[in-house]
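As structure tokens, the structure follows; a few thoughts come after it.
The values are calculated or read from the model by the stated rules, or taken from the named source; none is laboratory data. Predicted, not measured: the structure shown is a model, and the values here were computed from it. Neighbour counts run over all protein chains shown; Cβ positions are idealised from the backbone, glycine included.
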Amino acid sequence: MNATIAMITFRSMLGRRRALLLLGLPLLLVALAIGLKLTDYNDLDTSADVLQRFGLATLLPLLALIAGTGVIGPEIDDGQIMYVLTKPIPRQVIVYTKLMVAFVLLVLFAVIPTLASGLILSGSDAALATSYTVGVLVGGIAYSAVFVALAVVSRNAVTIGLLYALVWESLVGNFAPGAKSASIQQWALSVTDSLTDASMVESTVRLPLAITLLAAVTVLGTALASIRLRTLAVASAE
């Protein structure tokens, strides 16, 4: 990882406008958890539903999209990435650094709020809070790799990412059971399911397959982003 690139990227991502985007969703999740707790409407079923629908299925992919595309997409669009590519820094180091920044942002704005909301809602019951936290964590790694790769490959990364996260995973996946097998959300839910005894938490993907697919998507996304950055450098030189 390159510390200078990481510092510049963090500074860019935590500017006023992006910071508001990153803070908005987790604050809503925590506020919802507090509201349900205060009204005693926080039984285990409701807690699992909130952590699933608002944590894993909404907060995580949207924040991953903001972070994953934001750490490198704007630099490619305005040409600033070429300044970095002229430095004697291996392309994979640039990608690893961008991925690390995106992942740290997800830990701060998705993983920790999910844990806090889970503890507020259910405490330690059925290990629901920690299981969803781990699910968001491993899902965040895969989402980060996918969205960083999308940002390097296409200038329409945000649109493509929204179509995947909101249309494919949330809409198509609910009506076409086979689509769930190609869903990062379901793979992360499989990890969550393996860590809790709560009967309402159930994934359609078996754990060994889910772990394999999460790892494969992360590796492939990272490799694709690195290869595409080399192409950008060659195109610039020509």
Inset, instruction - Check region 1-9 and report whether any residue there is polar (S, T, N, Q) and either in a helix (DSSP H, G or I) or buried (at least 20 other Cβ atoms within 10 Å of the Cβ) (or both). - result: yes
Inset, instruction - Scan region 119-142 residue by residue and report those that are under 18 Å from Pro61 (Cα atoms) and either in contact (Cβ under 8 Å) with a residue 40 or more places away in the chain or surrounded by fewer than 24 Cβ atoms within 10 Å (Cβ to Cβ) (or both). - result: Ser131, Tyr132, Val134, Gly135, Val136, Leu137, Val138, Gly139, Gly140, Ile141, Ala142
Legend entry - Top-ranked residue in region 174-204 [being over 18 Å from the mean Cα position of the chain (by Cα) and crowded, with 20+ Cβ neighbours inside 10 Å; ranked as modelled with the highest pLDDT]: Asp193
Inset, instruction - Please find, within region 18-44, the residue that is surrounded by the fewest Cβ atoms within 10 Å (Cβ to Cβ) out of those that are part of a helix (DSSP H, G or I) and modelled with pLDDT under 90. - result: Leu20
Inset, instruction - Return the only residue of Thr69, Thr58, Thr114 being closer than 19 Å to Gln186 by Cβ and in contact with a Gly (Cβ under 9 Å, 6 or more places away or on another chain). - result: Thr114
Inset, instruction - Evaluate region 179-194: report whether one residue or more is in contact (Cβ under 8 Å) with a residue 40 or more places away in the chain and closer than 30 Å to Gln80 by Cβ. - result: yes
Legend entry - Any chance Glu169 is outside any helix (DSSP H, G or I), among the acidic types (Asp, Glu) and under 15 Å from Gln52 (Cβ atoms): no
Inset, instruction - Kindly provide the set of residues from region 178-199 that are assigned to a loop (DSSP other than H, G, I, E, B) and under 25 Å from Val167 (Cβ atoms), ordered by number. - result: Ser183
